[in-house]
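The values are calculated or read from the model by the stated rules, or taken from the named source; none is laboratory data. Note that this is a predicted model, so its numbers are computed, not measured. We place every Cβ from the backbone using ideal geometry, glycine too, and count neighbours over all the protein chains shown.
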Amino acid sequence: MVESGEIVALGAKEQSRLTRSGELTAVDLLQAHLDQVSRRNGELNAVVAIDVELAHEQARRQDALAPEQRGVLHGLPTAVKDFGHVTGFPNTLGHRHFVGAVSDHDDLHVARMRAAGAVFYGKTNIPELAAGSHSVNRVYGVTRNPHDPSRSAGGSSGGAAAALAAGFTAIADGSDMGGSLRNPASFCGVVGVRPTPGVVPNADTPNVFDPLATAGPMARTVEDAALLLSVMNGETPDVPYAPELDRARLRELRDRDLSGVRVAYAPDLGGRVAVEPAVRAVLDDVARALEAAGAIVEHDCPDLDGSDSAFRTLRAASFAAGWGPLLAAEPENFNDFVTGNIREGERVSGADVMRAYAEVTRLTRSAARFFAGTDLVLAPAAQVLPFPVEWDWPREVAGTAMTDYLDWMRAAWLFTPLGIPALSLPGGYSGRLPVGAQLLAGPREDVKLLELAQAVETLLAVPAAAPEASRPAASLTS
């Protein structure tokens with residue numbers, strides 16, 4: 001029998017194998033994770049709105065299923081990002097207006113996880129309205145980094161990333177517009193996948209054609225993230241564009257040889273972003289490891305001209321459309337970041353939006369041409385190390401002043417308008433703090449990206465904690 005402390009360290013596929021085979025009950029698996037939550041969540045505040053009774057009820061139902069009825073996520077305990085609906089749980093969006101609201105339905109990707117056997121025990125913390133990459137709000141407070149609780153866990157899927165790193169769950173859902181899967185994965189040393197838009201259908205959003213925002217999987221390993229993506233993917237009548245992946249291949253990723261793989265190394269995105277030297281040092285090590293494994297690594301970057309303005313325009317317009325009326329009614333319940341985004345969106349014209357969509361179209365076509373001759377792009381997932389938890393956002397990166405709270409995240413969101421899949425996986429450590437490597441592939445090449453990412457993961461063999469955990473992390477400027 002596997003000991004409780006060892007259970008939570010197992011991967012999702014192994015946990016599910018144990019419960020499907022009957023070697024471990026879903027109730028016992030849940031309790032092992034709840035025990036781990038009890039040990040560390042008081043310090044980290046990664047998971048909120050925990051409902052033990054509702055979770056045990058779900059686990060008992062999973063245990064009652066016949067073996068042939070047990071799905072690929074059978075009995076896996078998890079918590080859902082507090083930006084999505086889960087039946088019976090609060091959905092505050094990290095905003096005071098929504099305190100007390102309890103969901104009466106599941107979002108599509110949540111329903112798919114439930115049908116595959118997942119057991120939900122709570123929600124994962126986010127920034128207010130999932131805006132920004134530091135998970136703090138006035139409903140639940142701040143989420144801390146499991147590698148160093150004095151540091152940020154990132155965001156907006158910061159609670160999910162911290163929960164994975166702390167052993168609260170082996171899989172987690174997240175969402176990504178400007179890096180909300182990739183940045184916290186980098187900060188917490190886990191895997192966060194932004195799929196090609198539509199691969200996880202935008203069925204629960206006001207705009208099913210949104211080229212910027214998408215849900216996606218998180219896990220501690222690439223194979224577990226691929227497993228969860230296989231559950232989240234699939235067509236639905238509600239969304240006219242929802243490309244299907246080879247889900248069987250996602251569940252058993254092929255071994256890939258990195259020899260001959262064409263890698264474009266973009267450590268500063270062609271001079272477009274400032275990057276902390278400590279982050280650059282880890283990425284340089286990753287590039288050298290790829291070269292040693294036989295990959296063809298050259299400094300190059302996809303066309304990103306116009307990406308900045310297109311992203312900012314469409315993001316601001318969506319904020320104004322979604323939250324403008326609530327801001328007018330309850331201005332005191334909005335932080336200054338979100339207020340500024342909404343005000344900016346109110347100044348955007350219809351012509352501005354159409355020009356931004358035209359730019360996204362051009363960038364998407366340009367990216368398709370670029371990846372016809374390139375297999376992977378290697379870039380930073382975050383431009384800085386996890387910063388002190390007291391900060392709201394870094395005002396300076398490598399001596400360069402940041403203009404606003406979006407500026408320091410440009411390494412992630414400049415790629416967003418290209419319509420390509422991207423992920424962050426552990427690249428190494430600076431002191432005790434993780435540094436993520438962002439890998440990107442061509443549009444709809446999600447399976448290829450995950451298979452190559454698994455090969456990179458095997459090559460790097462980054463441990464779950466820094467080998468010299470007591471060594472102080474590199475300093476950050478304020």
Any hit, the range 413-429, residues being farther than 24 Å from A215 by Cα and without any contact (Cβ under 8 Å) to a residue 40 or more places away in the chain = no
Read through the list (1) touching a residue at least 60 places away in the same chain (Cβ under 8 Å); (2) surrounded by fewer than 24 Cβ atoms within 10 Å (Cβ to Cβ); (3) part of a helix (DSSP H, G or I), then give the number of the only condition that S150 fails.
-> (3)
H56 meets each of (1) part of a helix (DSSP H, G or I); (2) of a type outside the set (F, W, Y); (3) within 30 Å of P206 (Cα to Cα); (4) touching a Leu at 6+ places or on another chain (Cβ under 7 Å) with one exception, condition (3)
Taking into account only those residues within the range 224-270 that are buried (at least 22 other Cβ atoms within 10 Å of the Cβ) and not aliphatic (A, V, I, L, M), which is farthest from L73 (Cα to Cα)?
-> N233
Pairs under 6 Å by beta carbon, first residue outside any strand (DSSP E or B) in the range 292-303, partner surrounded by 15 or more Cβ atoms within 10 Å (Cβ to Cβ) and among the β-branched types (V, I, T), six or more apart or different chains?
-> A295/V261; A295/V263
May I ask you to list pairs of residues, at least six apart or on different chains, whose Cβ atoms are under 7 Å apart, with the first in the range 355-381 being in contact (Cβ under 8 Å) with a residue 40 or more places away in the chain and surrounded by fewer than 21 Cβ atoms within 10 Å (Cβ to Cβ) and the second being aliphatic (A, V, I, L, M) and in a helix (DSSP H, G or I)?
-> E359/A310; T364/L418
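Among the residues that make up the range 384-396, is at least one of them closer than 23 Å to R362 by Cα and in contact with a helix residue (DSSP H, G or I) (Cβ under 9 Å, 6 or more places away or on another chain)?
At the first step, the residues of the range 384-396 found to be closer than 23 Å to R362 by Cα are none.
The answer is no; no qualifying residue exists.
Is there a residue in the range 247-259 that is part of a loop (DSSP other than H, G, I, E, B) and at pLDDT below 95?
No; the residues of the range 247-259 include none that is part of a loop (DSSP other than H, G, I, E, B) and at pLDDT below 95.
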Across the range 157-177, what is the total count of residues that are surrounded by 24 or more Cβ atoms within 10 Å (Cβ to Cβ) and part of a loop (DSSP other than H, G, I, E, B)?
-> 5
Scan A411, A368, A358, A382 and give me the residue that is in a helix (DSSP H, G or I), of a type in the set (G, A, S) and in contact with a strand residue (DSSP E or B) (Cβ under 8 Å, 6 or more places away or on another chain).
-> A411
